[in-house]
Amino acid sequence: MGVRGLTTYINSNQDIFLRRHYLHDCNLVIDGHSLCSQLYRSLNCFSAFGGDYDKFASYIRTFFKSLRKCNVNPYVLFDGSYEMRKLKTAYNRLRSKINGASRLDPVTQSSLQIFPLLLRDVFKEVLIEMMVPYTTCEFEADDEIAAMARYLNCPVLSYDSDFFIYNVLYIPFNTLEIKPKQIVLNNVKVHVMECRIFKVEYLAANFGGLKEELLPLLATLLGNDFVEKRVFNKFFSQLKLQKSRIKRNEQQRNIHSLFKWLQDESLDSAISKILGRLKKERRNKVLTTITKSINGYHRTHCLSLKYFNLCKEEPLDSLDTNIQITLNDNEIDSSEETDNEESDDSSSTSSTKENTDSDVQNSNNNHINGMPEWLAEYIRLNKVPRFYINLYTHQLYFSSPQAEDYSDEDASLCALPILRYVFDILTDFSHEHFVYVSRENNSNYKRLLVDKEYSISRFIETPFNELNNEQLKKYFYHFLEQKMPLDYEAIELLPHNFQLYMISILWWIRSCSVPLAHVHSLILTYVFLDAIDEKIGKFRGHNFFNNKHSKKIEELKKRPFVPASIDEELFLNKHKIQYEDCLIAGSVLLKHFEIDDSIRKRPKSYDVKKIHSFAQFQSCLLQFNGLNNLCGDPFRSTNYSKCYNGTFIYNIALKLENQDDPIHFIEQYLKGATSVLTFYKSLCHLFKKCLTTMNLSTVKWSYRKRRSRRKKKEDEDTKFIVEGFESHVVI
């Protein structure tokens, strides 16, 4: 949800509302989406190049290692489907993301917070790797997070102002020192992460007489997902604003004044006075909205406990008892009621063309009301990727704006046939279409109806939730047979964690205009992140690495030259790559993990066409991994952090763009790193075999010719004018 301005208000009064706290030896409930976003914001990554996922994964590992060092047990919860009342917010956020991403470049990337496409999946990769327990909720996770924190009597880690209202121990992420330190507590040395913690008691103590049950009403008045603030314009116009020595904007003054006003009110008396500012015919509707909003903050049961093996599933009689508020007209303080209500005739909920139902409806959606139990279970067990849940609940899919060319079409459109197939499987081929919310070239969004033009035949008549694992896997192969018959013999020879990556490359080439240099930059990136990194460690400082290994590298370069040959046999076991060869390769390639000097000197040289091409590839990679997950994992899922670093890929693509033979160039560039080159050439050999068998081809990269074409046109125009003039001249 989020209460606008409340975080700012609390932060500006930290010494009053937040107390110093040492996080250690406890449980911790984590808002997964919030933590993922905040960790990325605090990491200096290059979003303009599509995501440095290896760096981000390393940073996430550091964070959870810190928690482990402090003996903190994390439980991570993620949001699922949008609730109906959230759809307007989702559309507004998408418009904002599109606007930001359209301005993304190497200069603006530090100020624009645009999250790369695969970011949350990388976050989950690390959770799985480090065995950090997590689950995905059916809908929004905030209520579950708060209920679980109450059950465990532990703090919540997030950066969401709603947790100031939920009456839980709350640690705002921006107050947390990620690096642990050792202190002495009760004569014992312990490792702790210093932070600040919020308790409702601190707030109530500052506003003497303020009852904790009134906080959800404050959130409702200020505007949340249930109701817009403008509904209460009349109330605010008559609210006495408190004077303050601190300079505050209107929203901050409203918050402070509301706290002061609520000091002397009970829940019933406050609601009575609020409704008294409304016309009689509107009171019941607004009262219903207020009640639903308040109840949203009072959830007590927590389904997630079952999936963390903390307790068995709760019986139905232990579910929430909602607060019921009923006020008669004679109880309502209407002493200031007036017929001249400014904008109060707007809906008490967010009804728009994006949201055809009122926000009051479906406000308590859960796995019993609004979603079949089998789907809820699949989501919890991570059998349905989170980005597909809205396809089922709303027949809707929101694009994720990336760094791409905003004068061209949405980079994700090339993967629409995969997405349509996913939709058909989830809904048992029962719908004519779903809505894909794409971006327009003018930085706005548009809705596309993805109809049966993209569909393929149904493979098995059995409903999705009744399919066994073997049948699910056959669905995946059926799609490939219908849309892109594979050379399975070549694919099966590839390393397991490279197979889906190669399938995605082939679909990308089939659907888009892809230069050969771009493919080789992806293959070389995989070789580095998955093979070289394992041998030499995750170095990213080029100068530091070369200084550390300078003597060894000089000695290795003097070795007799051994050509990298695959004539007799392919070399596809990364574990057989030699450490010494990785040192040579690392000494040459590590500099490409930083922004190229040419871009630093000439920011306009940033090639958005290349970025767009790789954005298309990421979309293909995401959708193939999603389909693979939905179909019971016939292939091993791609480990994104071990195959994709956008900065490195871009720099290598620059290096290769004028090379007619990328393999020959790489051989010369990495001369002496024989086993690395042999591994690389083996992957390239199988790629070339797939291209030939499948009758696919790459294209020549022609972006740099655009200026010459423009100049040619100018020359032709000049020639026409001159020739036309000359034709009338008689000498």
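The values are calculated or read from the model by the stated rules, or taken from the named source; none is laboratory data. If you're wondering where the values come from, they're calculated on a predicted model, not measured in any experiment. Neighbour counts run over all protein chains shown; Cβ positions are idealised from the backbone, glycine included. Surface accessibility is based on the protein's heavy atoms, side chains included, excluding ligands, DNA and RNA. Shrake-Rupley method; radii C 1.70, N 1.55, O 1.52, S 1.80 Å.
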Env charge @ residue 158, Cβ radius under 10 Å, K,R +1 / D,E -1, value -4
Computed ³J(HN,Hα) along the range 483-492: with the Karplus parameters 6.51/-1.76/1.60, θ = phi - 60°, integer Hz and x for glycine or proline, the list is 9, 7, x, 9, 8, 4, 4, 6, 4, 5
Length gained if residue 177 through residue 576 is fully extended, taking 0.36 nm per residue and subtracting the Cα-Cα distance, is 139.6 nm
Length-normalised contact order of the chain, Cα under 8 Å, at least 6 apart, in percent, tallies to 17 percent
With +1 on the Cβ of every Lys and Arg and -1 on the Cβ of every Asp and Glu, the dipole magnitude of the chain about its Cα centre, in debye rounded to the nearest 20, is 2920 debye
XL table 55/557; 124/260; 558/610; 88/610; 97/124; Cα-Cα > 31 Å flagged, in table order, is 124/260; 558/610; 88/610
Here the percent of antiparallel bridges among DSSP beta bridges lying wholly in the chain, to the nearest 5, is 55 percent
The farthest towards the positive end of the charge dipole of the range 469-694, of the residues 595, 670, 691, given +1 on Cβ of Lys and Arg and -1 on Cβ of Asp and Glu, is 595
HN-Hα couplings for the range 413-422 via Karplus (6.51, -1.76, 1.60; θ = phi - 60°), in whole Hz with x for Gly/Pro, come out as 5, 5, 9, 4, x, 5, 5, 5, 5, 4
Two pseudo-spin positions, 7 Å from Cα along C-beta at residue 16 and at residue 460, lie apart in nanometres by 6.2 nm
Of the listed links 189/538; 551/655; 292/452; 292/383, those spanning more than 29 angstrom between alpha carbons are 189/538; 292/452; 292/383
For residue 30, other-chain or 5+-apart residues with amide H closer than 5 Å (H placed, Pro excluded) are 75, 76, 77, 157
Inter-part gap, Cα centre of the range 383-435 to Cα centre of the range 616-634, in whole angstrom, is 12 Å
Only helices counted: for the chain, with every DSSP H run of 4 or more residues adding -39500 (n - 2.57) and the sum spread over all residues, [θ] at 222 nm is -13500 deg cm²/dmol
Amide H proximity to residue 83 below 5 Å, modelled H, separation 5+ or other chain, gives 140
The long-range amide H neighbours of residue 445, using H built 1.01 Å from N in the peptide plane and a cut-off of under 5 Å, are 440
Lys and Arg at +1, Asp and Glu at -1: neighbours of residue 631 with Cβ under 11 Å from its Cβ sum to +1
Expected vector for the range 290-306, Karplus 3J(HN,Hα) from phi with 6.51, -1.76, 1.60 and θ = phi - 60°, integer Hz, x for Gly and Pro, equals 4, 4, 5, 5, 5, 5, x, 9, 10, 5, 10, 7, 9, 5, 5, 4, 4
Rounded to the nearest 10 Å², the accessible area of residue 143 using a 1.4 Å probe with every protein chain kept is 30 Å²
If each K or R counts +1 and each D or E counts -1, the residues other than residue 614 whose Cβ falls under 12 Å of its Cβ total -1
